[in-house]
Amino acid sequence: AYARAGYADEDRPGPLDFAERLRREGAPGAEAAARAVELYLRARFGGEAIGEDGRAEMADALAEARAALRAARAGRRELTTTGGRA
């Protein structure tokens with residue numbers, strides 16, 4: 001979703017690097033996306049059992065990041081269709 005929103009990187013950084021870049025650039029939903037990445041990496045590669053609570057938190061973080069991206073895209077479309085007037 002972030003790639004479609006213009007946050008793709010030719011270098012294909014790892015997920016932590018990409019999350020940091022989103023934060024640095026002030027991408028919509030960057031904090032939520034970083035939280036989802038952190039939880040995923042802890043579970044997948046850290047051997048940590050995040051359990052149902054962790055999975056629910058990850059799903060919530062992903063939903064929040066997606067909603068922020070959708071809202072930002074909708075705002076840009078609104079500005080485009082109104083000639084820059086909100």
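How large a share of the accessible area of segment 11-62, in percent, is made up of carbon and sulfur atoms when the probe is 1.4 Å and the other protein chains stay in place?
Carbon plus sulfur share of accessible area: 51 percent.
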Exercise for review: Using the charge dipole of segment 1-74 (Lys, Arg: +1 at Cβ; Asp, Glu: -1 at Cβ; taken about the Cα centre), state which of ALA67, GLY46, PRO13 has its Cα farthest towards the positive end.
Suggested key: ALA67
**Study point:** FRET efficiency, 1/(1 + (r/R0)^6) with R0 22 Å, evaluated for ALA3 and ARG55 via beta carbons
**Key:** 0.35
Check your understanding: Which length gain, in nm to one decimal place, applies between GLU20 and ALA71 when the Cα-Cα distance is subtracted from 0.36 nm times their residue separation?
Key -> 16.3 nm
Review point. Taking the simple approach of a point 7 Å from Cα along Cα-to-Cβ for both PHE45 and ASP11, what is their distance in nm?
Key: 1.6
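The values are calculated or read from the model by the stated rules, or taken from the named source; none is laboratory data. What you are looking at is a predicted structure, and each value in this text was computed from that prediction instead of being measured. Glycine also receives a Cβ, built like all others from the backbone with ideal geometry; neighbour counts cover every protein chain displayed. Accessible surface areas use protein heavy atoms only, side chains included; no ligands, DNA or RNA. Shrake-Rupley method; radii C 1.70, N 1.55, O 1.52, S 1.80 Å.
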